Amino acid sequence: MSSIRRIGILTSGGDAPGMNACIRSIVLTAAAHQIDVIGFSHGYNGLIEGEYRTLLPYHVQHIIHLGGTILKSARCPAMHTEQGPKAAAQTLQQLQLDALLVIGGDGSFKGALAIAQHYSGQILGLPGTIDNDVDGTDATIGYATAIDTALDAIDKIRDTADAFERIFLVELMGRHSGFIALSAGIASGAEQIICPELGRLTPDDLERVTRPIQNAQLVKGKSSYIMVVAEHCYPGGSTALAEAITKAIGIECRACVLGHIQRGGSPIGADRILATKLGAYAVEQLLKGAHLMMAGEVNHTASLYPLQASGEGKKRIDPYLLRWQQQVASD
Ligand SMILES: Nc1ncnc2c1ncn2[C@@H]1O[C@H](COP(=O)(O)OP(=O)(O)O)[C@@H](O)[C@H]1O
Ligand SMILES: O=P(O)(O)OC[C@H]1O[C@](O)(COP(=O)(O)O)[C@@H](O)[C@@H]1O
């Protein structure tokens with residue numbers, strides 16, 4: 001058993017709906033165990049530059065429903081230098097913090113591992129990213145809300161696409177993986193989904209997407225057609241892809257890039273609950289001595305997963321949904 005009296009927390013990398021719910025849960029659970037909480041601002045930048053404040057339960061009142069993060073988030077290039085993680089560890093030691101909790105994605109966890117080289121306290125990670133590309137948890141905090149946000153937008157695009165019988169390409173986020181694209185694509189009934197797991201496209205294999213469009217037009221006649229495209233799946237993105245398809249088939253295609261809208265908004269219930277559960281669990285596990293682990297949820301059960309492995313392995317997208325999508329989209 002460790003005796004934890006003071007902990008630091010920060011949010012890092014792309015912000016995700018539910019990060020505030022997680023901060024709240026950590027602060028409330030810590031207070032219940034008489035643990036002081038220091039919140040660092042702007043991700044690792046705040047840790048390196050000593051930008052922090054004490055977080056008391058009243059500071060986290062009425063934030064559970066807010067998107068973004070009250071601590072602010074950032075990417076911190078200094079963490080990629082030799083000095084950055086050392087400076088971060090120094091702040092932790094100077095403030096006599098017994099542990100650090102990092103809410104972020106796999107990049108943030110790599111940063112946490114680098115700090116651990118120079119820090120004698122405990123470190124735990126909590127998976128917060130809309131991308132869901134973190135191994136060791138069924139879902140990351142923010143992923144469910146991002147799907148719903150994308151879905152809401154695609155449903156609206158469907159209305160206008162239907163009215164004009166147009167072809168739309170909707171570009172969704174997911175830096176290295178197609179979790180959001182596959183889920184939102186399937187839930188919106190998109191005619192085609194392009195994501196890394198189904199194979200990125202090049203101008204040379206354009207036929208892979210134009211053939212199903214032409215076949216659909218033969219079968220259904222002129223009708224709305226929606227193709228969900230994960231970012232970075234075509235050189236120049238979905239705008240370039242829409243232009244290429246237009247040129248190839250002679251029918252105008254429109255591109256709509258949803259972008260950062262997917263990161264914002266009030267977290268849906270599932271994210272608030274996941275964030276609350278993982279925040280509480282992480283504090284309790286710190287008290288039990290957990291170190292260099294990530295607090296995740298697998299099969300509805302909170303569990304620990306080695307921090308190192310959470311960023312190393314490539315989390316598998318649902319093979320069942322992938323197979324089904326391939327089956328129904330094939331011509
Ligand atoms: N290999 C690494 N070593 C040290 N710090 C890292 C490393 N990778 C990422 N980080 C830190 O974590 C921050 C967030 O990582 P990033 O990959 O941008 O987002 P996420 O945590 O959401 O995956 C980076 O800006 C950097 O400060
Ligand atoms: O906000 P930025 O720096 O433009 O980054 C965009 C990227 O951040 C994300 O929204 C979230 O990614 P991370 O959580 O890994 O940071 C990606 O989907 C997207 O590719």
Sticking with the crude label model, points 7 Å out along Cα→Cβ, report the distance from ALA309 to ARG200 in nm, one decimal please. 2.9 nm
Whichever aspartates and glutamates have a C-alpha closer than 18 Å to that of LYS220, once near sequence neighbours (fewer than 8 apart) are set aside: ASP159, ASP162, GLU165, GLU191, GLU252, ASP331
Express as a percent, rounded to the nearest 5, the fraction of DSSP beta bridges in the chain (both residues included) that run antiparallel. 25 percent
Sorted by Cβ density within 10 Å, fewest first, the residues LEU126, LEU241: LEU241, LEU126
Relative contact order of the range 176-331, pairs being alpha-carbon contacts under 8 Å that are 6 or more residues apart, as %: 23 percent
Just subtract the alpha-carbon distance of GLN34 and LEU321 from 0.36 nm times their residue separation and send over the number in nm, one decimal. 98.8 nm
Residue separation between ASP152 and ARG175 times 0.36 nm, minus their alpha-carbon distance, gives in nm 6.2 nm
Excluding residues fewer than 8 positions from LYS156 in its own chain, the lysines with Cα under 20 Å of it are LYS222
Please list 3J(HN,Hα) in residue order for the range 91-102, calculated via the Karplus relation 6.51 cos²θ - 1.76 cosθ + 1.60 where θ = phi - 60°; whole Hz, with x for glycine and proline. 4, 4, 5, 4, 7, 6, 8, 7, 7, 10, 10, 10
Kindly give the semi-axes, whole Å and largest first, of the ellipsoid equivalent to the range 92-147, taking each as the square root of 5 times a Cα gyration tensor eigenvalue. 26, 10, 8
Fewest-first ranking of ASP155, ASP131, using other Cβ atoms within 10 Å as the exposure measure: ASP155, ASP131
Label-point gap, in nm, between HIS80 and HIS65 - each point 7 angstrom along Cα→Cβ: 4.0 nm
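Since every read-out is calculated from the coordinates, none of them should be taken as a lab result. All values derive from a computational prediction rather than experimental measurement. Cβ atoms come from the backbone with ideal geometry, glycine included; neighbour counts cover every protein chain shown.
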